[in-house]
Amino acid sequence: MALSYLRSSSSRSVNLLKPLSSSLPLRRPISTDTTPITVETSVPFTSHQCDAPSCSVETNPKELLTFFRDMALMRRMEIAADSLYKAKLIRGFCHLYDGQEAVAVGMEAAITKKDCIITAYRDHCTFIGRGGTLLEVFAELMGRQAGCSKGKGGSMHFYKKDSNFYGGHGIVGAQVPLGCGLAFAQKYSKDETVTFALYGDGAANQGQLFEALNISALWDLPAILVCENNHYGMGTAEWRAAKSPAYYKRGDYVPGLKVDGMDALAVKQACKFAKEHALKNGPIILEMDTYRYHGHSMSDPGSTYRTRDEISGVRQERDPIERIRKLILSHDLATEKELKDIEKEVRKEVDDTITQAKESPMPEPSELFTNVYAKGLGVESFGADRKEVRATLP
Amino acid sequence: MATGFHGVGAAVAALSSSPSNSFDSKKLLCSPRRSFPVRKGASFVADRSDGSVNLDLNPKARRAQQLIVNAVANKADSSPASSSSKPGHELLLFEALREGLEEEMDRDPRVCVMGEDVGHYGGSYKVTRGLAEKFGDLRVLDTPIAENSFTGMGIGAAMTGLRPVVEGMNMGFLLLAFNQISNNCGMLHYTSGGQFTIPIVIRGPGGVGRQLGAEHSQRLESYFQSIPGIQMVACSTPYNAKGLMKAAIRSENPVILFEHVLLYNLKERIPDEDYICNLEEAEMVRPGEHVTILTYSRMRYHVMQAAKTLVNKGYDPEVIDIRSLKPFDLHTIGNSVKKTHRVLIVEECMRTGGIGASLTAAITENFHDYLDTPIMCLSSQDVPTPYAGTLEEWTVVQPAQIVTAVEQLCK
């Protein structure tokens, strides 16, 4: 699972090793250290119709540093996207994920690339977690050819088929039936993999969610519905939108688990538990208690429906990156300086990628008409695909 | 609701089991008060369910008559009239659909069927009867009444490579799944930059039936036609029903197959061997010289009925069943327009924003110079379909109106 984080492995491990060897030649290299560490999650799991997993999470120094780096990268990326939007290089909708990074990295740590993830429009970080590159993100946000959807999708339409990331959907709640369909296909092909269908607290009130949940439970599909509850559906607080904001209980006959979504290790534990459960018993709902620092999107200041004190309070007490940083420092896995170096390096990487993305050209005008159909259709007649049996006359 | 449909099916089946079974379709479509126009002009007899008329005028028509299987426009002119055509087998349209579906399910293990009552019940129009017993519950799935989500699930499964066939019990119910069909089904190939194809088939009966009421008599071709990325086809005979079903399942694009409630019991002889119909091709039903009549689905039979009267009166209409509603087969249509210079569109879709409206625009844009008169389009009235039989009859286009229209066009 950590292989996904080794995409720029050579530079990273070398960089981490360099300061270590220069400052403390006796310290063992952490980037490859997998001696297990057990961490207790601070907030216990609350469960509905199932037994909660234990609060002791197995992890190791390598994983913790990967968490730190990836979350720092995601945070930096989102903040850079904010600046790009204000500079009018990104237009339209831009929904930022900063504050919620723990959900993306924790989930990735518990699953493989064969498991499917599908999410809504707040998908930049989930895409990175699935193995997408920064260049693909920024180029797509700016509508350039190097983007993951060739510039034709935009912020809300990131997809990565080879690592089973199914997007990237703009209509609230519509991705949940799609996710259950992915789970159906997994069951059909007997893959022994699961699908994580992510949605928000706003989408939790959509009827199609319950329809899909009913069908998944009926057909025993390996679908895990994950509610990323950041407590606000755009400008509407959850208590104003839902009679019962206990989203993990909403499944009624489907078991649910409430997780502290700002703790990457708790998320990892919950996802591992959910995967085992889904493969044996069918669907399960995970509610990730998380928070977003930005507004709903770039056009929303985010402070008209909540106080700045609340936002800064969460940032001080529950920030996912700070939590991992404290963990790393308390277990003596790296020094403050090393972590700061990682952050600086990440910042540089993001800036460099933005420069590179800016150089990527806009799509060609002919791209307007490509990929509408799987095979281009003109006014001439074409045969059906597959080419094995054409229309024959007896 | 299921019993209501069953009742209609039974009534129609009762009609079709009359002794003179070759007149199935005629009995279906003629109101009891109307006398068969066929009897009057004794020089020809219609004895096929597709309404093609045995005329001695045109060798092509005769060839089409003998080779009943040749329902596809004969582009390759070199293929000779074969008198040793294989003995096919006779079946009804819903059986043809089932045959096509079954053959594709046998051929490709990734094909599965989802819909309400398609499994154990056998399908409300018996299209999927027997498939659940043969293929099991995982391949023929009974869904709860949740169109939005099971269509979404079908699309999600299609994203991974499965080839689901989603049945809407009545096309009108798919309005609940419109979001999934428009945004996800049609657009995912484009917004993902070509990463995902959605090889899904969405099918179901639509159209005005026998007093089914407004909500169960809808024509959704007009609503779906502007969704980019989907293909729409409408079947009208057992031959093209089976062919289009198979082609739709094999296509990598999402295809919506429109069937018609009243056409399920049409009987025809179809070939034994494997064949498919081209998804983007129109069908030449009756070649002619004077006027091009473009139609699809049930209105084809009204047109053929009117054609008999017209031939009696000395006109020679060219009847084309456009079959492909999106994209239009402008090749066949254009050739016809160049020949006849007059176009009449007869459709069951609504007047406002219907298929006919788009087709009129497409023909005018492309073939304006070849038209002698403005295109005439006969469509259903812009009203919810009433329950009363007499009113319902006049919501859709009747053969008499077609005859009048052609006379006007050819003046």
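The values are calculated or read from the model by the stated rules, or taken from the named source; none is laboratory data. Keep in mind it's a predicted model, so treat the numbers as computed, not measured. Note that each Cβ is placed from the backbone with ideal geometry, even for glycine, and that neighbours are counted across all protein chains shown. Heads up: the accessible areas ignore ligands, DNA and RNA and are worked out on the full protein's heavy atoms, side chains in. Shrake-Rupley method; radii C 1.70, N 1.55, O 1.52, S 1.80 Å.
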For chain A the mean separation of alpha carbon contacts under 8 Å (6+ apart) over residue count, i.e. relative contact order in percent, is 20 percent
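So which helices of chain A fit the span-like rule, where a helix is a whole DSSP H run, its Cα atoms reach 27 Å or more along the axis, and its mean Kyte-Doolittle is at least 0.0? Before the final figure, lay out each step's value.
Working: long enough: A:61-86 (38 Å, -0.13); A:336-359 (35 Å, -1.56).
Helices meeting the criterion: none.
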For region A:177-284, with +1 on Lys and Arg beta carbons and -1 on Asp and Glu, the positive-most of A:A204, A:A241, A:L257 along the dipole | A:L257
Mind checking the dipole of region B:239-385: about its Cα centre, +1 per Lys or Arg Cβ, -1 per Asp or Glu Cβ, Debye to the nearest 20?
-> 380 debye
When the dipole is taken about the Cα centre of region B:207-315, and only Lys, Arg (+1) and Asp, Glu (-1) are charged at their Cβ, what size is it in debye, to the nearest 20?
-> 520 debye
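For the full complex of protein chains and a 1.4 angstrom probe, list A:L329, B:L378, B:L257 by accessible area with the highest value first. Numbers along the way, then the final one.
Working: A:L329 50, B:L378 30, B:L257 0 Å².
From most exposed to least exposed: A:L329, B:L378, B:L257.
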Relative to the compact-globule scaling 2.2 N^0.38 Å, provide the ratio for the alpha-carbon radius of gyration of region A:130-260.
-> 1.15
Given the rule -39500 (n - 2.57) for each run of at least 4 DSSP H residues, summed and divided by the residues of chain A, what is its mean residue ellipticity at 222 nm, to the nearest 500 deg cm²/dmol?
-> -13000 deg cm²/dmol
Dipole axis of chain A (+1 Lys, Arg; -1 Asp, Glu on Cβ), positive-most option in A:C50, A:A374, A:I90 | A:A374
Taking all pairs of distinct alpha-carbon atoms in chain A, Kirkwood radius in angstrom = 22.0 Å
For region B:277-404, what is the per residue volume of the convex hull drawn over the alpha-carbon atoms, in cubic angstrom?
-> 105 Å³
Average the reciprocal distances over every distinct pair of alpha-carbons in region A:104-151, invert the result, and give the Kirkwood radius in Å.
-> 11.3 Å
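With contacts defined as alpha carbon pairs under 8 Å and 6 or more residues apart, what's the relative contact order of region A:247-361 in percent?
Numbers: 77 pairs, mean separation 23.6, N = 115.
Relative CO of region A:247-361 lands at 21 percent.
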GNM, chain A, Cα, under 10 Å: largest mean-square fluctuation among A:L213, A:L368, A:L73?
-> A:L368
Given charges at beta-carbon only (K, R positive; D, E negative), |dipole| of region A:115-174 in Debye | 140 debye
So for region A:220-340, using the alpha carbon gyration tensor with a ≥ b ≥ c as root eigenvalues (a/c under 1.5 gives rounded; past that, a/b versus b/c decides prolate or oblate), I'd call it oblate
Proximal lysines to A:K258, defined as alpha-carbon separation beneath 21 angstrom and excluding residues fewer than eight positions away on the same chain | A:K243, A:K249, A:K268, A:K272, A:K275, A:K280
Let a ≥ b ≥ c be the square roots of the eigenvalues of the Cα gyration tensor of region B:185-268; is it rounded (a/c under 1.5), or, if not, prolate (a/b larger than b/c) or oblate?
-> oblate
Under the definition of Cα pairs under 8 Å and six or more residues apart, what whole-number percent is the relative contact order of region B:234-302?
-> 47 percent
Where trypsin sites (Lys or Arg not before Pro) fall in DSSP loop in region A:230-321, at most 15 other Cβ within 10 Å | A:K243
For region B:83-227, what is the convex hull (Cα atoms) projected area averaged across all directions, in square nanometres?
-> 11.1 nm²
What are the GluC sites (Glu not before Pro) within region A:109-194 that DSSP puts in a loop, where the Cβ has at most 13 other Cβ atoms within 10 Å?
-> A:E192
